[in-house]
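Asks: Sharing a structure below in structure tokens format, with a few things to ask.
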Amino acid sequence: MSKLLIHGTKKLKGEVQIHGAKNSTLPLMAASLLCAGECVLHNCPALSDVDTAIKILRHLGCKVERTAGDVVINPLTAKNYDIPDHLMREMRSSIIFLGAIVSRLDRAILSFPGGCELGPRPIDLHLSSLRKMGVDIREDHGCLDCVVPNGLKGAVINLSFPSVGATENIMITACLAKGKTVINNAAREPEISDLADFLNSCGAKIHGAGNSTICVEGVRRLTGCEHFVIPDRIAAATFMTAAAITGSTLTVSSVIPEHLAPVIPALEESGCQVDLYDSSIRISAPKHLSRIKSIRTMPYPGFPTDAQAPVMAMTTLAEGTSMFVENIFESRYKHVGELLRLGANIKVEGRVAVVEGVKRLSGATVEASDLRGGAALVVAGLAAQGITEVYGLHHLDRGYESIEKNLALLGADIRRV
Ligand SMILES: CC(=O)N[C@H]1[C@@H](OP(=O)(O)OP(=O)(O)OC[C@H]2O[C@@H](n3ccc(=O)[nH]c3=O)[C@H](O)[C@@H]2O)O[C@H](CO)[C@@H](O)[C@@H]1O
Ligand SMILES: C=C(OP(=O)(O)O)C(=O)O
């Protein structure tokens, strides 16, 4: 079983290029199924989730080629409408293929998606919304058998929560549906806007992405297009916490600084100086980090739940008490038990975690139980004295492209063995 070996307390320096966003690339790949022509996606990260999306598209019958950061999808040959259970279980985004498949083939057979285990992750909002748009969905023994008996039709959908995935699924389904779809209380994450930009480049008529109300006028046909995936704001935030906890100065480049606006105040509160440029951010950490009074995860433009774990890792060495309130997922503190092994002092009660900063972390053997929890262990390991061994790398490989190589290039003593 491979692991990361980290000899902590080395300072980082230099510049890291941030890869394309996992959470944009995957819905864009699903959406390409709608197109009547080739789609070229630039800046696709080399992640296992992207490999899974390629496997799904190929299973459906699409031609997919990948060279470096480009994924070229020819969806014209798609003919299968099922996704095998083992591919559904690989990642959360497999459910985003539902809207695309029914739109393209009038039928879809799939099962419940996998992804990080963060407590219950129902798909009720996806299913009820698609039902409203004319998809007949039968749920049986964990299998979803979906048919479109009378064509897809636009609908007014009032989401009870601004779910990122449900918003994406509805947007994709609405593009070729008859009439107008209005999504109220839509998610506003940058990845939603990226999906709308891609679909609009293909000829869709989507207005309001990035706001709480999104309108989609159905069109008859979408063409292919060329699209550059937005940078991964969570990978960027993770590198910023790595710089902060190691007392380093680092330039995080190829980012959209505006997308990191919800995270930057937390880094500033901890005493880091954060300088913003057109497409990069320079972070200079103080000798001793200060506590962050409180962090409450919220839908965008609130503090992202995906950055909660790495930022928590950073506060384990900050002076004073930091408080976290996880509002998005019921069980997103699985990294806490592992951070305790490294000497952190954290107490969890329900949705609240209280971190008492300690003077030092000491290396230990730890195991990632989810993607960002794994990133938190790497961040803490970079500052821990002695050797930290991180297991559970398949989680990290879902969301970070060569994390150990990138950190080693910055001066960290880290390798995969
Ligand atoms: C691949 C991808 O883009 N993943 C991101 C996406 O996940 P994902 O799209 O799964 O997250 P959602 O925004 O849908 O989930 C947010 C909350 O809504 C609930 N919910 C969601 C759908 C539903 O049908 N019913 C329901 O109750 C969830 O249980 C959760 O409590 O957004 C999350 C929130 O920013 C991020 O942490 C994930 O990294
Ligand atoms: C929770 C995440 O991913 P997923 O939704 O794919 O499980 C994440 O990217 O932090």
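Asks: Of the conditions (1) touching a His at 6+ places or on another chain (Cβ under 9 Å); (2) part of a helix (DSSP H, G or I); (3) more than 14 Å from Thr246 (Cα to Cα), Pro265 clears all except one; give me its number.
Replies: Only one criterion in (1) touching a His at 6+ places or on another chain (Cβ under 9 Å); (2) part of a helix (DSSP H, G or I); (3) more than 14 Å from Thr246 (Cα to Cα) is unmet by Pro265, namely (1).
Asks: Which condition breaks for Pro299 when tested against (1) away from ligand 1 (no atom under 16 Å from the Cβ); (2) more than 28 Å from Tyr391 (Cβ to Cβ)?
Replies: The single condition Pro299 does not satisfy is (1).
Asks: Taking His86, is it more than 23 Å from the chain's Cα centre (by Cα), within 28 Å of Asp140 (Cα to Cα) and not aliphatic (A, V, I, L, M)?
Replies: Numbers: more than 23 Å from the chain's Cα centre (by Cα): no; within 28 Å of Asp140 (Cα to Cα): yes; not aliphatic (A, V, I, L, M): yes.
Spelling it out, it is not the case that His86 is more than 23 Å from the chain's Cα centre (by Cα), within 28 Å of Asp140 (Cα to Cα) and not aliphatic (A, V, I, L, M).
Asks: I would also like to ask the following. In this structure, is Ser48 closer than 21 Å to His395 by Cβ, in contact with an Asp or Glu (Cβ under 9 Å, 6 or more places away or on another chain) and crowded, with 22+ Cβ neighbours inside 10 Å?
Replies: In short, no.
Asks: In addition: Assuming Arg92 fulfils every condition listed in (1) among the basic types (Lys, Arg); (2) away from ligand 2 (no atom under 16 Å from the Cβ); (3) within 15 Å of Ala30 (Cβ to Cβ) apart from one, which condition is it?
Replies: Arg92 satisfies all of (1) among the basic types (Lys, Arg); (2) away from ligand 2 (no atom under 16 Å from the Cβ); (3) within 15 Å of Ala30 (Cβ to Cβ) except (2).
Asks: Sticking with this one: Would the range 117-131 turn up any residue that is acidic (Asp, Glu), within 14 Å of ligand 2 (Cβ to nearest atom), under 17 Å from the mean Cα position of the chain (by Cα) and crowded, with 18+ Cβ neighbours inside 10 Å? Lay out the reasoning, then the answer.
Replies: Keep residues of the range 117-131 that are acidic (Asp, Glu), which gives 117, 124.
Retained after the next criterion (residues that are within 14 Å of ligand 2 (Cβ to nearest atom)): 117.
Filter once more, keeping what is under 17 Å from the mean Cα position of the chain (by Cα): 117.
Next, from what is left, pick out any that are crowded, with 18+ Cβ neighbours inside 10 Å: none.
No, the conditions are met nowhere in the range 117-131.
Asks: If you go through the range 134-154 one residue at a time, how many are within 16 Å of ligand 1 (Cβ to nearest atom) and out of contact with any strand residue (DSSP E or B) (no Cβ under 6 Å at 6 or more places or on another chain)?
Replies: Adding up the residues that qualify gives 1.
Asks: Can you find even one residue in the range 286-298 that is without any contact (Cβ under 8 Å) to a residue 12 or more places away in the chain and more than 16 Å from ligand 2 (Cβ to nearest atom)?
Replies: Within the range 286-298, none of the residues are without any contact (Cβ under 8 Å) to a residue 12 or more places away in the chain and more than 16 Å from ligand 2 (Cβ to nearest atom).
Asks: Continuing with this model, one more query. Filtering the range 227-267 down to residues that are away from ligand 2 (no atom under 15 Å from the Cβ) and of a type in the set (Val, Ile, Thr), which residue is surrounded by the fewest Cβ atoms within 10 Å (Cβ to Cβ)?
Replies: Only one residue tops the list, namely Thr249.
Asks: Evaluate the following for Thr251: is it more than 20 Å from the chain's Cα centre (by Cα), closer than 29 Å to Leu28 by Cβ and in contact (Cβ under 8 Å) with a residue 40 or more places away in the chain?
Replies: Values: more than 20 Å from the chain's Cα centre (by Cα): yes; closer than 29 Å to Leu28 by Cβ: yes; in contact (Cβ under 8 Å) with a residue 40 or more places away in the chain: yes.
So Thr251 fits the description; yes.
Asks: Does the range 350-357 contain at least one residue that is among the acidic types (Asp, Glu), in contact (Cβ under 8 Å) with a residue 24 or more places away in the chain and out of contact with any Phe, Trp or Tyr (no Cβ under 7 Å at 6 or more places or on another chain)?
Replies: yes
Taken together, the values in this text are just the output of simple stated rules run on the coordinates, not laboratory data. Just so it is clear, the structure is predicted and the values come from calculations on it, not from any experiment. Quick reminder, even Gly has a Cβ in these numbers, built from the backbone with ideal geometry, and neighbours come from all protein chains shown.
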